[in-house]
Amino acid sequence: MVHVSVIGCGHMGGALVRGLSAAGHRVTACDVDASVLEDLSGVADERTTDLEAASGAPIVVLAVGPDAAGEVVADLGLDADQTVVSVAAGVSTSLLESKTDAAVVRMMPNLAAEYGEMAAAVTPEPTGDVATVLDDLGTVVTIDEDQMDLVTAINGSGPAFVFYLIGAMQAAGIEGGLESDDAAALAAQTFKGAAEIVLQSEESVEELIDAVATEGGTTIEGMEVLWDSDVADVLSDAVAATERRSAEISSEVDDE
């Protein structure tokens, strides 16, 4: 068990608190809004609106907005034997390192951290208890910091894109006569199962498609529609638009 403080308990911070608690870690949840902390009653070991009270943990997760990240980390007054794990979009490690004596790890997670199924990119590579804690939340890959805007689009914003696609498949099921809950369950579990196959199989995505879309069967008919459409281009454009906005936020933070 590792003691972790989470500063900022909105959607992402709250998901991290719940995931860390479920993994058996001691969690201090800190937010200026006491009503936000009420939702974490029975989840976090300690809840506080006092920044100082949350500054003693060896690992401090910074889940505040990018405009507040630098000021908050400076106010924490952390020591060199502590580590800040920042999930503040667009805030560079160098900016945070100039505000604190603590080691700094920058991470782009997603909301699946709540269930131990997070996909996260980090820089630099975490070690020791930090690596253990992050691994307990899901899959973590180490990247170069100049790739952070891209992964913000892929795994950070990606769940929203997947939710959209699940919703579209659910809607198709409802239109065909399925009950809404049944259509949602089938669509969501299909995405979950397909993702697990990609992670566990040694075959490429293209090979996996071929395994399902046999010639003369049903799947190939639907794949022909997809292959003839601009779905891949639209998804690429969605990632590119998100990446551009992430870069804009980074530039805005650097200019402050």
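What number goes with the only condition from (1) open to solvent by 70 Å² or more (accessible area, probe 1.4 Å); (2) in a loop (DSSP other than H, G, I, E, B); (3) modelled with pLDDT under 95 that GLU252 does not pass?
(2)
What pairs come up if the first residue lies in the stretch 36-62 and is under 15 Å from VAL133 (Cβ atoms), the second is surrounded by fewer than 22 Cβ atoms within 10 Å (Cβ to Cβ) and of a type in the set (D, E, K, R), and their beta carbons are under 6 Å apart, counting only those six or more places apart or on different chains?
Partner pairs satisfying both residue conditions: ASP45/ARG26.
Can you report the number of residues in the stretch 176-193 which are open to solvent by less than 80 Å² (accessible area, probe 1.4 Å) and either closer than 22 Å to GLY158 by Cα or of a type in the set (Val, Ile, Thr) (or both)?
Final tally of qualifying residues: 8.
Of the residues ALA102, ALA15, ALA53, ALA69, which single one is of a type outside the set (Lys, Arg) and in contact with a helix residue (DSSP H, G or I) (Cβ under 6 Å, 6 or more places away or on another chain)?
Numbers: ALA102 fails: in contact with a helix residue (DSSP H, G or I) (Cβ under 6 Å, 6 or more places away or on another chain); ALA53 fails: in contact with a helix residue (DSSP H, G or I) (Cβ under 6 Å, 6 or more places away or on another chain); ALA69 fails: in contact with a helix residue (DSSP H, G or I) (Cβ under 6 Å, 6 or more places away or on another chain).
Of ALA102, ALA15, ALA53, ALA69, the one residue that is of a type outside the set (Lys, Arg) and in contact with a helix residue (DSSP H, G or I) (Cβ under 6 Å, 6 or more places away or on another chain) is ALA15.
Does ALA57 count as in a loop (DSSP other than H, G, I, E, B) and either of a type in the set (Phe, Trp, Tyr) or at pLDDT 95 or above (or both)? If you could, list the steps in order and put the result at the bottom.
On the way: in a loop (DSSP other than H, G, I, E, B): yes; either of a type in the set (Phe, Trp, Tyr) or at pLDDT 95 or above (or both): yes.
For ALA57, the condition - in a loop (DSSP other than H, G, I, E, B) and either of a type in the set (Phe, Trp, Tyr) or at pLDDT 95 or above (or both) - is met.
Would a scan of the stretch 88-95 turn up a residue that is without any contact (Cβ under 8 Å) to a residue 24 or more places away in the chain and either open to solvent by less than 20 Å² (accessible area, probe 1.4 Å) or under 22 Å from the mean Cα position of the chain (by Cα) (or both)? Before you say what the answer is, go through the steps one by one.
Our first condition is that a residue be without any contact (Cβ under 8 Å) to a residue 24 or more places away in the chain; within the stretch 88-95, this holds for 94.
So of that shortlist, the ones also either open to solvent by less than 20 Å² (accessible area, probe 1.4 Å) or under 22 Å from the mean Cα position of the chain (by Cα) (or both) come out as 94.
Checked the stretch 88-95: at least one residue is without any contact (Cβ under 8 Å) to a residue 24 or more places away in the chain and either open to solvent by less than 20 Å² (accessible area, probe 1.4 Å) or under 22 Å from the mean Cα position of the chain (by Cα) (or both).
Would it be correct to say that ASP182 is of a type outside the set (Val, Ile, Thr), assigned to a helix (DSSP H, G or I) and touching a residue at least 40 places away in the same chain (Cβ under 8 Å)?
Numbers: of a type outside the set (Val, Ile, Thr): yes; assigned to a helix (DSSP H, G or I): yes; touching a residue at least 40 places away in the same chain (Cβ under 8 Å): no.
Here the answer is no, as ASP182 does not meet what is asked.
Quick one: GLU196 ticks every box in (1) more than 27 Å from GLU145 (Cβ to Cβ); (2) part of a helix (DSSP H, G or I); (3) in contact with a helix residue (DSSP H, G or I) (Cβ under 8 Å, 6 or more places away or on another chain); (4) open to solvent by 50 Å² or more (accessible area, probe 1.4 Å) except a single one, so which number is it?
Here GLU196 meets the rest and fails (3).
Which residue out of ARG47, ARG106 is buried (at least 18 other Cβ atoms within 10 Å of the Cβ), over 18 Å from the mean Cα position of the chain (by Cα) and among the basic types (Lys, Arg)?
Working: ARG106 fails: over 18 Å from the mean Cα position of the chain (by Cα).
Going through ARG47, ARG106 in turn, just one is buried (at least 18 other Cβ atoms within 10 Å of the Cβ), over 18 Å from the mean Cα position of the chain (by Cα) and among the basic types (Lys, Arg): ARG47.
Mind listing whichever residues of the stretch 100-128 are over 21 Å from VAL43 (Cα atoms) and part of a helix (DSSP H, G or I)? Please lay out each step first, then the result.
Of all residues in the stretch 100-128, those over 21 Å from VAL43 (Cα atoms) come to 100-108, 119-128.
Passing the criteria: only GLY128.
Given the options GLU215, GLU221, name the one that is farther than 25 Å from VAL151 by Cα, open to solvent by 50 Å² or more (accessible area, probe 1.4 Å) and either assigned to a helix (DSSP H, G or I) or of a type in the set (A, V, I, L, M, F, W, C) (or both). So that I can check it myself, show each step before the final result.
Numbers: GLU215 fails: either assigned to a helix (DSSP H, G or I) or of a type in the set (A, V, I, L, M, F, W, C) (or both).
Testing whether each residue is farther than 25 Å from VAL151 by Cα, open to solvent by 50 Å² or more (accessible area, probe 1.4 Å) and either assigned to a helix (DSSP H, G or I) or of a type in the set (A, V, I, L, M, F, W, C) (or both) leaves just GLU221.
The values are calculated or read from the model by the stated rules, or taken from the named source; none is laboratory data. Source: prediction; values computed, not measured. Please note: Cβ atoms are built from the backbone with ideal geometry, for glycine as well, and neighbour counts cover all protein chains shown. Only protein heavy atoms, including side chains, enter the accessible area calculation; ligands, DNA and RNA are left aside. Shrake-Rupley method; radii C 1.70, N 1.55, O 1.52, S 1.80 Å.
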